[in-house]
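A.B. asks: One structure, pasted below without further comment.
The values are calculated or read from the model by the stated rules, or taken from the named source; none is laboratory data. From a predicted model like this one, the values you see are computed outputs, not experimental measurements. Here the Cβ is made from the backbone with ideal geometry for all residues, glycine too, and neighbour counts use every protein chain on show. When the accessible area is computed, the model is the full protein with side chains, heavy atoms only, and any ligands, DNA or RNA have been set aside. Shrake-Rupley method; radii C 1.70, N 1.55, O 1.52, S 1.80 Å.
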Amino acid sequence: MTSKRTWGGVVSILLVLLLLGLTPAGAQNGVTRLQNVDANDWPMYHRTYDAHRFSPLGQINKSNVKDLAVAWVHQPGAVVQGLESTPVVVDGVLYYIGSYNRVFALDGATGREIWHYFAKLDPVVNTLFFQPYNRGVAVGHGKVIFGTLDGRVVALDMKTGKEVWAVTVLDTKKCSCNFTGAPLIIKDKVILGQTSGELPIQGKIWALKVANGEKAWEFNTIKNDPKSWGGNSGKFGGGGGWMTGSYDPAMNLVYWGTANPAPDYDWGEARPGDNLYTSSVLALNPDTGDLKWYHQEIPHDDWDYDAGLGESLVLDRDGKKLLVHQNKSGFVFVYDRANGKIQNVWPMNHVYNWVQRIDPKTGELIGRNPPRLGKPAFICPWIAGGRSWNSGSYSPKTGLWYNTAMEVCEEVTVEKQTPVTEPAAGLFFGGDQVAKHSSGGEAYGHLDARDPVTGERKWSVNFKYPPIGSVLSTAGGLVVHGDVEGVVRAYDADSGEELWHFRTGSGHRGGPISYSVNGKQYIAVPSGLGSLVLGLYPALWPEVADFPPGGALFVFTLK
């Protein structure tokens, strides 16, 4: 017999779910499953809220990875700017997005298409700087959600691919801004940031209600403060938060990096002040958008070394609750994630001259070397950064962070520029640059295994062409990474020894993942060379201009 008290509890739960816009199944799918991720799944951009990009699957391991073979291949049918996304997998179904906002749902075991959705984009997209790539979708509450190249956010039914809702968030025809990063679902909201770092606008981070797309809150990354933005410079301040953040459910804080100020280069009077909240890490309440703490990694950023890229690792070490974030400059900032206090700062790169050093206790930039109007400046690293927006991977099994770096310099020429806002926002760089080798030798890149807190390096693998693809680590003791030449490799996570490789035919910019269907483990690798960054390579390596473009998702399993 069911008591009245029990029924009252059930009714109370149902009422809460209805208020959140969820069904009981939706609550499981949208909240619980994202906090307690099934080992077989990869349900969000970084797999888990802590942004580790680690798979706990170990069926494919050091001893048998040599037997990996292609299980299936899927082609999105659009290859402009390659394939930059990271797929997600829930209950054996793989979802991914390609160029021009083409979204697919595939059988994870066979690659059979379940449905596809091709967004009908406004023609203004063809005039934009940031296009036609997209880096990922969010899945939860029975929906697949993504931001579009023309400033909308779209929710699709997970099972059918039918549009559930679509809302216009940005006036793309006016701002020339859009969405290219993967959203993050937290409880009943979906959070994403816009492009704007090279544009004379004010970039924001947005939260929408998953149930209907209604705006829940917005956070303006350009602080309304004349001390931070002299004159009217804040009106054109850029910023935004174009990549995906991380989340600590216990603290109920979402960590989001912000982009660079505009113009990228300051000729001396373009934007007086420290230019908050650009090039910063923010800790926000995901329910309200309220700012809990922030740290501006690059005050008055003179180099386009924003904080919006890559991952913010949530990890605990020696009783401390830490956040590890790599700035585009190549320096890694370690925070107390409760309050933003600096715990350490260390360089991932070997070659840099933009500062002499950063104080590891305070984060203060020591010996700044900004380019200025008058003569070209030799700056290291280049505008693509010590690392681009691609992500590393942290393995709790080894305690190591597997991450890439680019040892490339540039010659910067600063130019005065008037911001253009009519009829639409124009690019606002304030200068130009060309890639250069360092004064000490040829430019190159590397994949490292490091302690994320101290920076101590265990092993390293060098590449002629700096890598721009993300990294995967697994419980099978593997590190998976694809290079610019189109070769994906599996390394021994402990030693860096190469154990397996496969040539996909085009270079790698997206994120490899691992998942399991019916007890069988798979590794999915996006192949397809693209990215605005790639346009910088031919100045040093002319042959890269002839590297084949592409767009294909390769999925491997054991023979």
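A.B. asks: Can you send over the carbon and sulfur percentage of the accessible area for the stretch 220-374, probe radius 1.4 Å, protein chains only?
C.D. replies: Carbon and sulfur atoms account for 47 percent of the accessible area of the stretch 220-374.
A.B. asks: Once phi is turned into θ = phi - 60°, what whole-Hz ³J(HN,Hα) does the Karplus curve with 6.51, -1.76 and 1.60 give for every residue of the stretch 151-158, x standing for Gly and Pro?
C.D. replies: Along the stretch 151-158, the couplings run x, 9, 10, 10, 10, 10, 5, 4 Hz.
A.B. asks: Taking a 1.4 Å probe, which of Glu84, Glu218, Glu422 shows the most accessible area, and what order do the others take after it?
C.D. replies: From most accessible down to least: Glu422, Glu218, Glu84.
A.B. asks: Order 155-164, 220-229, 102-111, 240-249 from most to least packed using the mean count of other Cβ atoms within 10 Å.
C.D. replies: 240-249, 102-111, 220-229, 155-164
A.B. asks: Starting from the amide H of Gly151, placed 1.01 Å from N in the peptide plane, find each other amide H under 5 Å away whose residue is 5 or more places distant or on another chain.
C.D. replies: Residues meeting the criterion, in which the H sits 1.01 Å from N, are Phe179.
A.B. asks: Here is a follow-up. Run through the DSSP bridge list for the chain and note the antiparallel percent, rounded to the nearest 5.
C.D. replies: 95 percent
A.B. asks: Can you give me the long-range amide H partners of Ala216? Hydrogens built in the peptide plane at 1.01 Å from N, cutoff under 5 Å, separation of 5 or more residues or another chain.
C.D. replies: Ala207, Leu208, Lys209
A.B. asks: With each label point set 7 Å from Cα along the Cα-Cβ vector, what nm distance links Asp359 and Gln59?
C.D. replies: Here the answer is 5.3 nm between the modelled labels.
A.B. asks: For the stretch 389-406, what does the Karplus curve 6.51 cos²θ - 1.76 cosθ + 1.60, with θ = phi - 60°, yield as ³J(HN,Hα) per residue in whole Hz, taken in order and with x for Gly and Pro?
C.D. replies: Working through the residues one at a time gives 6, 4, 10, x, 9, 9, 9, x, 6, 9, x, 10, 9, 9, 8, 9, 8, 10 Hz.
A.B. asks: On to the next question. When the accessible area of the stretch 87-181 is computed with all protein chains present and a 1.4 Å probe, what percentage of it is carbon and sulfur?
C.D. replies: Reported share for carbon and sulfur atoms: 51 percent.
A.B. asks: Give me the distance in nm between label points sitting 7 Å out from Cα along the Cα-to-Cβ direction at Phe378 and Glu422, one decimal.
C.D. replies: Once both label points are built, they end up 4.5 nm from each other.
A.B. asks: Based on the Cβ-Cβ distance of Phe118 and Arg503, what FRET efficiency does E = 1/(1 + (r/R0)^6) give at R0 = 35 Å, to the nearest 0.05?
C.D. replies: Given R0 = 35 Å and the Cβ-Cβ separation, E is 0.75.
A.B. asks: Then there is this: To the nearest Å, what is the center-to-center distance of the stretch 214-245 and the stretch 30-106, using C-alpha atoms only?
C.D. replies: When both Cα centres are located, 33 Å separates them.
A.B. asks: Still on this structure, I have one more. Report, in whole Å, the centroid distance computed from the Cα atoms of the stretch 492-539 and the stretch 418-446.
C.D. replies: 27 Å
A.B. asks: Please check which bits of the stretch 111-150 a label hung off Glu163 would reach, taking the label as a point 7 Å along Cα-to-C-beta and the cut-off as backbone N under 14 Å.
C.D. replies: 117-123, 146-150, by backbone N distance to the label point.
A.B. asks: Rolling a 1.4 angstrom probe over the protein heavy atoms, how many square angstrom per residue are accessible across the chain?
C.D. replies: With all protein chains present, the chain gives 35 Å² per residue.
A.B. asks: Quick one: what are the phi-derived ³J(HN,Hα) couplings along the stretch 256-263, Karplus 6.51/-1.76/1.60 with θ = phi - 60°, whole Hz, x for glycine and proline?
C.D. replies: After applying 6.51 cos²θ - 1.76 cosθ + 1.60, I find 9, x, 10, 8, 6, x, 10, x Hz.
A.B. asks: Report the extension gain between Glu415 and Asp225 in nm, rounded to one decimal, defined as 0.36 nm multiplied by the number of residues separating them, less their alpha carbon distance.
C.D. replies: Residue separation times 0.36 nm, minus the Cα-Cα distance, leaves 65.8 nm.
A.B. asks: If packing is taken as the mean number of other Cβ atoms within 10 Å per residue, what is the order of 336-346, 298-308, 262-272, highest first?
C.D. replies: 298-308, 262-272, 336-346
A.B. asks: If you place +1 on the Cβ of every Lys and Arg, -1 on the Cβ of every Asp and Glu, and leave all else neutral, what size is the dipole of the stretch 250-365 about its Cα centre, to the nearest 20 Debye?
C.D. replies: Dipole of the stretch 250-365, to the nearest 20 debye: 520 debye.
A.B. asks: Compare the Cα positions of Thr244, Ser228, Ala211 along the charge dipole of the stretch 201-249 (+1 at Cβ of Lys, Arg; -1 at Cβ of Asp, Glu; about the Cα centre) and return the one farthest towards the positive end.
C.D. replies: Of the options given, the answer is Ser228.
A.B. asks: Given the protein chains as shown and a 1.4 Å probe, how many square angstrom of Ser439 are accessible, to the nearest 10?
C.D. replies: So the heavy atoms of Ser439 present about 120 Å² to solvent.
A.B. asks: Taking every Cα atom in the stretch 297-360, find the radius of gyration and the maximum pairwise distance Dmax, and write them in Å.
C.D. replies: 12.0, 36
A.B. asks: Next question. Packing-wise, with mean Cβ within 10 Å as the measure, how do 47-55, 514-522 rank, highest first?
C.D. replies: 47-55, 514-522
A.B. asks: Okay, next question. Taking 7 Å along the Cα-to-C-beta vector as the label spot, tell me the Asp494-Phe129 distance in nanometres, rounded to one decimal.
C.D. replies: Here the modelled spin labels are 4.8 nm apart.
A.B. asks: Follow-up. Per DSSP H run of n ≥ 4, the term is -39500 (n - 2.57); total these for the chain, divide by its residue number, and report the mean residue ellipticity at 222 nm rounded to 500 deg cm²/dmol.
C.D. replies: Helices in the chain give a 222 nm mean residue ellipticity of -1000 deg cm²/dmol.
A.B. asks: Right, something else. List the residues whose amide H sits under 5 Å from the amide H of Trp115, counting only those 5 or more places along or on another chain, with H placed 1.01 Å from N in the peptide plane.
C.D. replies: Ala105
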